[in-house]
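Visitor: Quick one: the structure is below, and I'll ask about it shortly.
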Amino acid sequence: MKFESLIFDIDGTLWDSRELVASGYNEQLHKEGYDHLCITAEGLKALFGKPITEIAEIMFSTIPEGERYPLLRRCMEREQSRLRADPCDIGYPRVKETLLELKKKHRLFIVSNCEIGYPEILIEKLGLEGVFEDHMCFGDTGKPKGETIRMLMERNHVESAAYVGDTQGDYEATVVAGVPFIYCAYGFGQVEKPWKTIQKFEELLTLQENQSL
């Protein structure tokens with residue numbers, strides 16, 4: 001099976017930003033007097049990949065409903081400031097080299113459940129300018145990931161694609177979008193029945209060489 005395009009998740013797929021994200025969140029929570037809501041990098045593992053609104057409901061269930069999402073937005077603003085200020089040496093091994101090789105035969109895109117600005121930070125910090133043709137996220141669309149994948153494909157006239165991610169939520173999004181799922185087993189989640197599984201990011205090149213992509 002050959003695909004015109006490959007669409008990538010971010011967290012648990014291209015990099016592991018949990019320590020920096022937790023640091024940013026906790027700085028903001030401490031500033032606002034919510035020290036009891038601070039989170040660890042390990043605690044974020046189960047949250048990454050979920051829509052932003054769902055993360056807010058889980059993290060801040062003990063505060064009034066109308067304050068949860070605004071608080072998370074402020075945490076995310078602090079998180080992005082933290083990421084911009086840090087060298088962000090958090091990409092998985094051989095991500096850039098692998099993407100550059102994949103780009104020779106495929107169009108490359110990003111779809112994530114993140115906020116606006118996060119894909120741009122990843123691209124800048126990992127030196128991936130010009131690698132991805134386009135990206136869309138929950139912050140752009142306000143839609144579940146499966147719908148966002150479809151929207152990106154429609155906007156870019158993508159005829160065939162596989163999605164590369166690391167969680168059950170990613171897999172379920174590909175079912176909605178109608179595209180095969182490549183599971184990154186080194187990431188944050190467990191997936192029972194992916195189309196393909198890789199243990200290292202560069203194994204995408206093996207799939208390409210075997211004409212699976």
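FYI, it's all coordinate maths here, none of it is from the lab. Quick caveat, the model's predicted, so the values are computed rather than measured. Here the Cβ positions follow ideal geometry from the backbone for every residue, glycine too, while neighbour counts run over all protein chains shown.
Visitor: When you count, for each residue, the other Cβ atoms within 10 Å and take the mean per peptide, how do 178-186, 89-97, 156-164, 6-14 rank with the highest first?
Guide: 6-14, 178-186, 156-164, 89-97
Visitor: With a point put 7 Å past each Cα toward its Cβ, work out how far Glu97 is from Glu172 in nm, to one decimal.
Guide: 3.7 nm
Visitor: Moving on to the next point. If you stretched the chain out fully between Ser212 and Asp35, how much longer would it get, using 0.36 nm times the residue separation minus the C-alpha to C-alpha distance?
Guide: 58.9 nm
Visitor: Now for a separate question. Between the alpha-carbon centers of region 37-55 and region 128-156, tell me the distance in whole angstrom.
Guide: Between the Cα centre of region 37-55 and that of region 128-156, the gap is 21 Å.
Visitor: Once the Cα gyration tensor of region 58-113 is diagonalised, what are the square roots of 5 times its eigenvalues, in whole Å and ordered largest first, as equivalent ellipsoid semi-axes?
Guide: 34, 15, 9
Visitor: Taking the Cα-to-Cβ direction at Glu147 and at Glu65 and moving 7 Å from each Cα, how far apart do the two end points lie in nm?
Guide: 2.0 nm
Visitor: For the chain, what mean projected area does the convex hull of the alpha carbons give, in nm²?
Guide: 11.1 nm²
Visitor: How do 193-204, 71-82 rank on mean C-beta neighbours within 10 Å, highest first?
Guide: So the order, starting with the most tightly packed, is 71-82, 193-204.
Visitor: Right, something else. By how many degrees, between 0 and 90 and to the nearest 10, does the Cα long axis of helix 18-31 differ from the longest principal axis of the chain?
Guide: The angle comes out at about 20 degrees.
Visitor: I want to make sure I understand the PRE zone here: with the label point 7 angstrom from the Cα of Ile58 toward its beta carbon, which residues in region 116-154 have backbone N atoms less than 15 Å away?
Guide: The answer is 145, whose backbone nitrogens lie closer than 15 Å to the label point.
Visitor: Place a point 7 Å from the Cα of Ala85 along the Cα-to-Cβ direction; which residues of region 14-46 have their backbone N under 12 Å from it?
Guide: What the label zone holds, given the 12 Å backbone N cut-off, is 23-25, 27-28.
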